[in-house]
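Okay, so here's the structure we're looking at.
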């Protein structure tokens, strides 16, 4: 009897590696041996595969079946190997043509009745297969739409092991079965994000959100309860330009790994993640010992990560975000493997100025002691705040503002402005590795290309002399000034833009 | 005798005939000692073969080979050692030994199918 071979993909984080499944049948007492570092879920493939094969009309022989997953040292997890294991075993038994099975990548979990179940992570797995040169992939019918999002993949969706065997040339009568689809998680429907024109009051806040969108700046919103901080933050993703194909594929891969549903079209909206303030560090950046799962930071890649009541987060969890803020990726190292997830998100923090929330409001009295106030905002660590370009105080809406309300700028208008501003920045930064003002280094800002209009930096120089601004703060104010200049359509930040940047920088504690 | 009690001896006879047809020489049939019983002991060339026979009338409860467990084979091996010891005490030579399994599926309305696995316990 020959050795049966099939191929599948093992995922570590968002990266995938091609795994060769070898199946051998030896004249020994019936047994099913699975070697090659399987985890618990994969080890149980033994029982799923035997039952599924029997119930598909293709029983495995009463002999010893040895299945090896190669490369043997790579840790493998999950149930997506079932289909490949079953087909390799059937090849070893001489029931299927070896060439047909060996040139296709197989993904899918088997039910005991032989039907194929969708598994999380189909999209990144298919991407890895195509990158490795395996164009044809056999996936569960319920995951076929997701798999087809990958450019260049020839996707075959099959409902059952029997259908897969027939596709490979087994002479069997097809039996129609109801394909299994992934259950939609409850409450996964995305909330409508609302329009920017609905934000009442604070014109500077609306402006600041647009500046943040234009330059990709991280944002801190500080204000009493009910000032509209959450409302503002939720409207930021709507101002961001639609995702390009590469970004959308990356985002969809993360969503697929997280087990979130993906339709037949790639998401083109920037994501918005708002984890609750009890979130652990692992929930924010991802984690897990066996299967390394993406966290909120990865799910918010190319979009907005909003931390409401930021001082209520555990300092440990908040500081876990420092590395992804710097590098744009999360690297999680466990004993078994190192996983890497993209985490190029825009951070929005919202906080009350003090525990009672009334500090700084003109006609309300704050009941907090100075010590309590210090401790409250002190929970946001210096290194974290240092990465935030825009710090804005959002005052409570007054009755006068509500009555005197003019027509605010709508999301569509603001998005057009932001797109234009981003276009200007991209044209200016053409030939450099940076695309957004938030990413340019200080050296560029002080070079000829990045210098503001002559004399315009005077307020900044004065603030630096007074000690009101550090050198790093100086650079950050300049970056924001560039974003304001891009929004205003001027070639270089002038005095007006610098002044407003300085206000957005120091407007809050 | 109920049918099920007849099935075992029937399977053992079928297994014996199958192995003799392949040139094995019968040494013992249903050899007993206080610790248990060996279904068949045969000579295959220079190897002494101890055979566990498992018979079923249908596959509803699984293939008979699946019912031959490692514990059963370990017991068979202990019995084989005991048999060899008795042989040597009687002054005879015993060569290499091997443990085989034979599955017999004997439906009442069709010819029996015999499945022979050589050297199943190492």
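The values are calculated or read from the model by the stated rules, or taken from the named source; none is laboratory data. None of the values given here were measured: they were computed from a predicted structure. Please note: Cβ atoms are built from the backbone with ideal geometry, for glycine as well, and neighbour counts cover all protein chains shown.
Taking the conditions (1) surrounded by 14 or more Cβ atoms within 10 Å (Cβ to Cβ); (2) in contact with a helix residue (DSSP H, G or I) (Cβ under 9 Å, 6 or more places away or on another chain); (3) at pLDDT 90 or above in turn, residue B:80 satisfies each one other than (2).
Whether any residue in the stretch A:46-68 is under 24 Å from residue A:250 (Cβ atoms) and more than 14 Å from chain B (Cβ to nearest Cβ) is what I want to check. Looking through the stretch A:46-68, none of the residues is under 24 Å from residue A:250 (Cβ atoms) and more than 14 Å from chain B (Cβ to nearest Cβ). Number of residues in the stretch A:9-58 that are modelled with pLDDT under 90, surrounded by fewer than 18 Cβ atoms within 10 Å (Cβ to Cβ) and under 11 Å from residue A:85 (Cα atoms): the value is 0. Within the stretch A:279-308, the set of residues being out of contact with any strand residue (DSSP E or B) (no Cβ under 7 Å at 6 or more places or on another chain) and either over 20 Å from residue A:121 (Cα atoms) or part of a helix (DSSP H, G or I) (or both) comprises A:279, A:280, A:281, A:282, A:283, A:284. Screening A:248, A:234 for residues that are in a helix (DSSP H, G or I), in contact with a strand residue (DSSP E or B) (Cβ under 8 Å, 6 or more places away or on another chain) and surrounded by 18 or more Cβ atoms within 10 Å (Cβ to Cβ) leaves exactly one candidate, A:234.
Hey, does the stretch A:1-9 have a residue that's touching a strand residue (DSSP E or B) at 6+ places or on another chain (Cβ under 9 Å), part of a strand (DSSP E or B) and within 14 Å of chain B (Cβ to nearest Cβ)? Write out each step before concluding.
Here is the first cut: in the stretch A:1-9, the ones touching a strand residue (DSSP E or B) at 6+ places or on another chain (Cβ under 9 Å) are A:1-9.
Checking which are part of a strand (DSSP E or B) leaves us with A:4-9.
Filter once more, so that each one left must be within 14 Å of chain B (Cβ to nearest Cβ): none.
No, the stretch A:1-9 has no match at all.
So for the stretch A:449-472 (the condition being in contact (Cβ under 8 Å) with a residue 60 or more places away in the chain and within 30 Å of residue A:195 (Cβ to Cβ)), does at least one residue qualify?
No - not one qualifying residue is present in the stretch A:449-472.
Going residue by residue through the stretch A:394-411, is there one that turns out to be touching a strand residue (DSSP E or B) at 6+ places or on another chain (Cβ under 8 Å) and crowded, with 19+ Cβ neighbours inside 10 Å? Within the stretch A:394-411 (the criterion being touching a strand residue (DSSP E or B) at 6+ places or on another chain (Cβ under 8 Å) and crowded, with 19+ Cβ neighbours inside 10 Å), the answer is yes, since at least one residue qualifies. Taking the stretch A:76-95 as the range and being in contact (Cβ under 8 Å) with a residue 60 or more places away in the chain and under 13 Å from residue A:7 (Cα atoms) as the test, the residues that pass are A:80, A:81, A:83, A:84, A:85, A:86, A:87, A:88, A:89, A:91. Can you work out which of the residues in the stretch B:44-60 that are modelled with pLDDT under 90 and within 13 Å of another protein chain (Cβ to nearest Cβ) is surrounded by the fewest Cβ atoms within 10 Å (Cβ to Cβ)? The qualifying residue surrounded by the fewest Cβ atoms within 10 Å (Cβ to Cβ) is B:60. Of all positions in the stretch A:386-401, at least one carries a residue that is touching a helix residue (DSSP H, G or I) at 6+ places or on another chain (Cβ under 8 Å) and farther than 21 Å from residue A:475 by Cα.
Would you check which residues across the stretch A:129-150 are under 12 Å from residue A:107 (Cα atoms) and either without any contact (Cβ under 8 Å) to a residue 24 or more places away in the chain or under 22 Å from the mean Cα position of the chain (by Cα) (or both) and list them?
Passing the criteria: A:129, A:143, A:144, A:147.
When you look at residue A:494, is it modelled with pLDDT of 85 or more and out of contact with any helix residue (DSSP H, G or I) (no Cβ under 7 Å at 6 or more places or on another chain), yes or no? Yes; evaluated as a whole, the condition is true for this residue. For the stretch A:181-201, the set of residues classified as out of contact with any helix residue (DSSP H, G or I) (no Cβ under 8 Å at 6 or more places or on another chain) and either at pLDDT 70 or above or surrounded by 16 or more Cβ atoms within 10 Å (Cβ to Cβ) (or both) is empty. If I filter the stretch B:112-122 for residues that are more than 10 Å from chain A (Cβ to nearest Cβ), in contact with a strand residue (DSSP E or B) (Cβ under 9 Å, 6 or more places away or on another chain), farther than 18 Å from residue B:47 by Cβ and in contact (Cβ under 8 Å) with a residue 40 or more places away in the chain, do I get at least one hit? Scanning the stretch B:112-122 turns up at least one residue that is more than 10 Å from chain A (Cβ to nearest Cβ), in contact with a strand residue (DSSP E or B) (Cβ under 9 Å, 6 or more places away or on another chain), farther than 18 Å from residue B:47 by Cβ and in contact (Cβ under 8 Å) with a residue 40 or more places away in the chain. Put simply, of A:414, A:463, A:400 the only residue that is assigned to a helix (DSSP H, G or I) and under 25 Å from the mean Cα position of the chain (by Cα) is A:414.
To keep it simple, each residue is scored yes or no on (1) touching a residue at least 60 places away in the same chain (Cβ under 8 Å); (2) crowded, with 18+ Cβ neighbours inside 10 Å; (3) touching a strand residue (DSSP E or B) at 6+ places or on another chain (Cβ under 9 Å); (4) not in a loop (DSSP other than H, G, I, E, B).
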site	(1), (2), (3), (4)
A:125	yes, yes, yes, yes
A:152	no, no, no, no
A:157	no, yes, yes, yes
A:179	yes, yes, yes, no
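For the stretch B:105-122, the set of residues classified as touching a helix residue (DSSP H, G or I) at 6+ places or on another chain (Cβ under 8 Å) and within 24 Å of residue B:33 (Cβ to Cβ) consists of B:120, B:121, listed by residue number.
Do the conditions hold for residue B:87, that is, is it without any contact (Cβ under 8 Å) to a residue 12 or more places away in the chain, at negative phi and either away from every other protein chain (no Cβ under 12 Å) or surrounded by fewer than 19 Cβ atoms within 10 Å (Cβ to Cβ) (or both)? Yes, satisfied. Scan the stretch B:92-111 for residues that are within 14 Å of chain A (Cβ to nearest Cβ) and assigned to a loop (DSSP other than H, G, I, E, B) and the total you get is 0.
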